[in-house]
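Enquirer: Handing you this structure, nothing more for now.
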Amino acid sequence: MYFGFTFVITPMKVAQEDARYYGIPYNDFMGQADDVERMLNYYNVDFLDLRDSLAKYNLTYEESYYRTDHHWQTKPAFLGYVDL
């Protein structure tokens with residue numbers, strides 16, 4: 001019996017270089033996500049990298065996240081759902 005497993009890597013809101021500070025938006029953990037992606041590839045584990053979705057649909061940083069917090073806006077959230 002096979003139980004399917006898929007790992008989903010989501011993008012995160014990170015302060016742009018000129019506006020960096022400690023706290024929200026959160027510190028950048030994309031380097032760790034890249035490490036996880038390499039390990040998933042190594043062990044042939046299926047994964048979906050939703051970070052690619054933002055680039056695939058040509059969404060800008062401002063179009064992707066709400067200005068006041070770290071959540072995706074409606075359009076990128078829907079497009080991530082479509083990719084899922």
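Enquirer: If I stretch the segment between Thr68 and Tyr81 completely, what's the gain in nm (0.36 nm per residue apart, minus their alpha carbon distance), one decimal?
Expert: Extra length from Thr68 to Tyr81 when fully extended: 2.5 nm.
Enquirer: Could you tell me the accessible area of Asp46 in Å² (1.4 Å probe, neighbours in place), rounded to the nearest ten?
Expert: The value for Asp46 is about 90 Å².
The values are calculated or read from the model by the stated rules, or taken from the named source; none is laboratory data. Given the structure is predicted, the values throughout are model-derived calculations rather than measurements. All accessible areas refer to the heavy atoms of the entire protein, side chains included, with ligands and DNA or RNA removed. Shrake-Rupley method; radii C 1.70, N 1.55, O 1.52, S 1.80 Å.
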